[in-house]
1. Could you do me a favour and compute the accessible area per residue for region 66-112, 1.4 Å probe, result in Å²?
2. Please report the net charge: other residues with Cβ closer than 14 Å to the Cβ of Arg69, K and R +1, D and E -1.
3. Using θ = phi - 60° and the Karplus relation 6.51 cos²θ - 1.76 cosθ + 1.60, list the HN-Hα couplings for region 113-118 in order, rounded to whole Hz, with x at every Gly or Pro.
4. Given H placed on each backbone N at 1.01 Å, which residues far from Arg110 in sequence or on other chains put an amide H within less than 5 Å of it?
5. Choose one of Asn73, Asn62, Gly96: the residue whose Cα lies farthest towards the positive end of the charge dipole of region 60-142 (beta-carbon charges +1 Lys, Arg; -1 Asp, Glu; about the Cα centre).
6. Carbon and sulfur together cover what percent of the accessible area of region 17-142 at a 1.4 Å probe radius?
7. Could you tally the net charge around Tyr32, taking each other residue with its Cβ under 15 Å from the Cβ of Tyr32, Lys/Arg +1 and Asp/Glu -1?
Amino acid sequence: MFRRFTIASLTIAAALATTGSAQTSTSIQGRYRTDDNNAIITIAPCTAGAAVVCARISQFLNPTLRNARDGNNPDASLRTRALMGVQILTNLRRDGNSWSGRGYSPEEGRNFNATVTPHGGQLRVRGCVAIFCRTVEWTRLS
């Protein structure tokens with residue numbers, strides 16, 4: 001009986017340890033297609049070895065956006081920069097099952113508080129300015 005208890009305990013302990021490490025190693029890093037199918041966003045460490053991640057526009061799927069500029073940027077000196085490569089989520093830090101940081105919407109030229117939460121093969125991106133929030137879902141690409 002002691003042997004069964006020990007084997008069962010070890011099995012349960014191993015399962016819990018695996019579950020715990022899987023939760024802590026869950027990563028949002030990767031490539032995602034935006035909800036409007038206009039772009040591919042790449043999420044990676046902001047700098048080499050950084051504990052925080054950032055998201056950049058890495059590809060346009062809509063051919064009319066390939067030469068798009070950041071024309072709505074509140075900083076007039078940035079309005080002529082190409083949108084390709086622009087960082088749209090910055091300094092995302094893990095907070096439980098979500099990541100929190102700052103975001104930038106080139107369409108609106110607005111900065112916002114961002115919360116990113118994985119949900120299956122989707123990434124829920126929630127942006128809030130004051131009390132107004134909007135959530136979109138991006139699809140992870142393999």
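1. Accessible area per residue: 60 Å².
2. That sum, taken over residues with Cβ under 14 Å, equals 0.
3. Those phi angles translate into 7, 10, 10, 10, 9, x Hz.
4. The list, which skips near neighbours in sequence, is Ser105.
5. Most positive-ward Cα: Gly96.
6. Answer for region 17-142: carbon and sulfur cover 50 percent of the accessible area.
7. That works out to +3.
The values are calculated or read from the model by the stated rules, or taken from the named source; none is laboratory data. None of the values given here were measured: they were computed from a predicted structure. When we count neighbours, we look across all protein chains shown, and the Cβ atoms used for this are built from the backbone with ideal geometry, even at glycine. These accessible areas exclude ligands, DNA and RNA; they are computed on the full protein's heavy atoms, side chains included. Shrake-Rupley method; radii C 1.70, N 1.55, O 1.52, S 1.80 Å.
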